[in-house]
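Step one of this worksheet: look at the structure below.
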Amino acid sequence: MTTQQIHFFLEAARCLNFTEAARNLYVTQPTLSKQIALMESELGIQLFYRRGRTVSLTSAGLLLRTELGKLEASLSVAIDHAQRIEKGADGHLSCCLLDVLDPTRFAFPAIRRFQTQYPAVELELIVCGFREIRERLNERRVDVAFSKQFELRAIAGLDRLPVYAITPSILLPGSHPLARAPYVTFSQLRDDFFITLELGECPSHVQSLLDLCARENFYPKIGKYANSNMTRIYYVHEGYGVALMDGEVPLPAWANISAVPTRSPLHTLYTETDVELAWHRDTSNPTVHLFQETVSHLLQEMGHPHYSNNQSEGGTHGTV
């Protein structure tokens, strides 16, 4: 079984359509079918049920899709690291940054300090949403990540370092009557539509909103489900509703939006650090520990009140 056959099988298993998979792989459909057949013959197992144009995975195929997916991801990472070493780079560190975080508050200073101390380490920065950070961490396609505590604690096998707290706020269209208010309460928003993230993007977000509104004795009206944090900003700008989000979120210059702090049960919930640095506890990449030490030292120098070398388990909700 070759790496090409594994790649072909995984694409066919993803598409469940040999014609579409072949097109994505830039090969002919007969070529793909032949490689899948050779793979089945060599392994002595059937991977697909074929009923006319309908294709589905057998039980063995479902198992191999999961396990070979992990193998391909690990092999890709190993080859990438080997190629970087061949080029003379002394290590490689990939760092995910949640797209609603203000990078100037801590991530960029930490990255600059790290690059100053370890100039030979090649650093890759990836800015993305909740779903992609979860996928990259679960599939070990990223070394470290700055994200929200309530998301990171749900991923097994991570070590986490508290970094800083956020200001719970509501994003309001510039024309909203409360857009210039010093603060807003959830009870004042019972008649507004809320813009929330899709469940697949951030499962915790909808539940957090429901819980927080329930404390004010009302059920929120959902105006739009957004597939990303930037989409939520678009919707608020266009007047489709309001959104629960960090006060520190970097807003585009064009956005006619106000981030108004909220006075609500959130103030009792946000007693713990909400933004954390996370990495796999069993990582074999030595640059991860160097980066973690850099972050720890920077937090100590800043005299951060939430600094700790231990995991933080406080808090049950988070703005996103």
5 Å is the cut-off here: which amide hydrogens, built 1.01 Å from N in the peptide plane, fall below it relative to residue 248, excluding neighbours closer than 5 in sequence?
167
Out of 45, 111, 79, a Gaussian network model of the chain with alpha-carbon springs under 10 Å gives the largest mean-square fluctuation to 45
Diffing region 36-43: the Karplus 3J(HN,Hα) column from phi (6.51, -1.76, 1.60, θ = phi - 60°), in whole Hz with x for Gly and Pro, holds 5, 5, 4, 5, 5, 5, 5, 7
To the nearest 20 debye, region 8-148 has a Cα-centred charge dipole, built from +1 on Lys and Arg Cβ and -1 on Asp and Glu Cβ, of 400 debye
Roughly how tilted is helix 107-117, in degrees to the nearest 10 and between 0 and 90, from the longest Cα axis of the chain?
60 degrees
Estimated distance in nm for a label pair at residue 53 and residue 199, the labels positioned 7 Å out from Cα along Cα-to-Cβ:
3.1 nm
As a test, work out the antiparallel percent of DSSP beta bridges whose residues both lie in the chain, rounded to the nearest 5.
60 percent
Which trypsin sites (Lys or Arg not before Pro) from region 157-251 combine a DSSP loop assignment with at most 12 other Cβ atoms within 10 Å?
180
What angle, in degrees between 0 and 90 and rounded to the nearest 10, separates the Cα long axis of helix 59-86 from the longest principal axis of the Cα atoms of the chain?
80 degrees
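Applying 1/(1 + (r/R0)^6) with R0 = 45 Å to the Cβ-Cβ distance of residue 155 and residue 27, what FRET efficiency is obtained, to the nearest 0.05?
0.80
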So the FRET efficiency between residue 4 and residue 297, C-beta based with R0 = 45 Å and rounded to 0.05, is 0.50
Hey, how much of the P(r) for region 89-235 falls beyond 25 Å, as a percent of Cα pairs?
39 percent
Added length on full extension, which subtracts the Cα-Cα distance from 0.36 nm per residue, residue 46 to residue 181
42.1 nm
For residue 20 and residue 290, calculate 0.36 nm times their separation in residues minus their Cα-Cα distance, and state this gained length in nm to one decimal.
92.8 nm
Go through 29, 118, 71 and say which Cα lies farthest out towards the positive end of the charge dipole of the chain; charges sit on Cβ, +1 for Lys and Arg, -1 for Asp and Glu.
29
For a quick protection proxy, order the peptides 167-176, 46-55 by their average other-Cβ count within 10 Å, most packed first.
167-176, 46-55
How are the Cα pair distances of region 169-297 distributed, in percent, across 10 Å bins from 0?
12, 38, 28, 15, 8, 0
In degrees, nearest 10, range 0 to 90: what is the angle between the Cα axis of helix 203-214 and the longest Cα principal axis of the chain?
30 degrees
D (µm²/s, integer) via Stokes-Einstein for region 113-189, Kirkwood Rh across alpha-carbon pairs, 37 °C, 0.692 mPa s: value 203 µm²/s
Rg from C-alpha atoms of region 1-123, normalised by the globular rule of thumb 2.2 N^0.38 Å, equals 1.49
Give, in whole angstrom and from largest to smallest, the semi-axes √(5λ) of the equivalent ellipsoid of the chain, with λ running over the eigenvalues of the Cα gyration tensor.
41, 28, 17
Between 101, 43, 277, which gets the highest mean-square fluctuation from a Gaussian network model of the chain, Cα cutoff 10 Å?
43
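Taking each pair of different alpha-carbon atoms in region 6-78 once, compute 1/r for the pair, average those values, and report the inverse of that mean as the Kirkwood hydrodynamic radius in Å to one decimal.
Evaluated on region 6-78, it is 12.4 Å.
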Between residue 113 and residue 190, what is 0.36 nm times their sequence separation minus the Cα-Cα distance? Round to one decimal in nm.
23.2 nm
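We did not get these values from a lab; they are worked out from the coordinates using the rules stated. Keep in mind that what you see is a predicted model, and the values were worked out from it rather than measured. Neighbour counts are summed over all protein chains in view; Cβ atoms, including those assigned to glycine, are modelled from backbone coordinates with ideal geometry.
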